[in-house]
């Protein structure tokens, strides 16, 4: 009789400490990723989610279609009188509050913050989200009773989008490290897989970009909305109204320019030569490929100081021209020099500028004014500002500095069809902290590396990296989910 009673009590004790069957949460944990602290809220031994104890809200939409944090409440039953769960939770709550300060050294380091991990029975892997707030009820020793369940409520706010990987883990490889030269693009093609990894998640992935430069410069990382004809690099070989015989071979320039490195196509155009001169050169653009705000940079070579102006003209050769401010050009006979000319709006097709509608022919180019010497034009760089490019400093061996690695997050990545049409999935907006377009079979995303001047110095110049320079670039991604799977809840 005593054995029967003992087995019955053992069975009751086991079933009392098991997680509630109706909830079917396989896993729910809080992690301090920096110090390795873990609180299991549903292990069935020290804590378990109470009946009806998980209240999950949908993402909070913010103006502009951006998702804010999600507010959730979890009620757990403390299954033992041990104080470890409660005290660790109290410590994590303080850590979450401290990490919200922009002055905290880990403010921009996801792998050192507090994260929640969840997994339902129908999911193979866990979902992760960083916490922006965590609060819990205050308990005192009077609440604890041996062999009883003490209910403890937790309120926390987490990221509106779930991460498919722990923030402390390296992202999944999207594109292996490959070599890039100045003027080239990084084409990421997806056929249902990112690299060799199947696409997971039902929200846009977070894309990480790593670059190891071999030349010192400021570098703008931009993604192109239109693929087929759009390019931020307008080289001399593509100048409009210029006969091939007017172009000069860079490798064949006379002294003192004979040591300069070649640009793509090994061609340049002489804007000024031998004395006082005013001359211009332009490119013809298709307004269906270039529209919005662009910052223009001229790539020049000169043996004496000169001045430059950006201009654009519509209506053909006899049309109306508009000019930018005059910019002082710097003489350098050994390196191609980049000069910032200003930011300008290129019209949409059929959109007027200053009340004038552009014709089918639209020109953009530069004019030069030189009191003497030679000025050669290598090209024009157009940095699309509407795509919010990231501009980062790179330090390479050209200055005798150690080679560094630059890492950044591509917040806006436009996946396009083979004809250059951007794909925006339903519900997605082209702005926001997690705006990357869901990839699908047959889509391509082009990433451009554009050498630019120091954005904090209006008078700064930069040197265009030689065509023989090679950088190593790699792309990784973190899969994301919009919300926790409702199956099993």
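The values are calculated or read from the model by the stated rules, or taken from the named source; none is laboratory data. Small disclaimer: the values here were computed from a predicted structure and weren't measured. With ideal geometry, Cβ positions are generated from the backbone for all residues, glycine too; neighbour counts draw on all protein chains shown.
For the structure I just gave you, tell me whether residue 50 is modelled with pLDDT under 90 and either outside any helix (DSSP H, G or I) or on the phi > 0 side of the Ramachandran plot (or both). Yes, satisfied. Scanning the range 173-192 turns up no residue that is within 20 Å of the chain's Cα centre (by Cα), assigned to a loop (DSSP other than H, G, I, E, B) and at pLDDT below 70. Checking the structure you have, find out if any residue of the range 77-86 is exposed (fewer than 13 other Cβ atoms within 10 Å of the Cβ) and either closer than 24 Å to residue 168 by Cα or modelled with pLDDT of 80 or more (or both). Within the range 77-86, one or more residues are exposed (fewer than 13 other Cβ atoms within 10 Å of the Cβ) and either closer than 24 Å to residue 168 by Cα or modelled with pLDDT of 80 or more (or both).
Is it the case, given these coordinates, that residue 99 is surrounded by 13 or more Cβ atoms within 10 Å (Cβ to Cβ) and more than 19 Å from residue 28 (Cα to Cα)? When the stated conditions are applied, residue 99 passes them.
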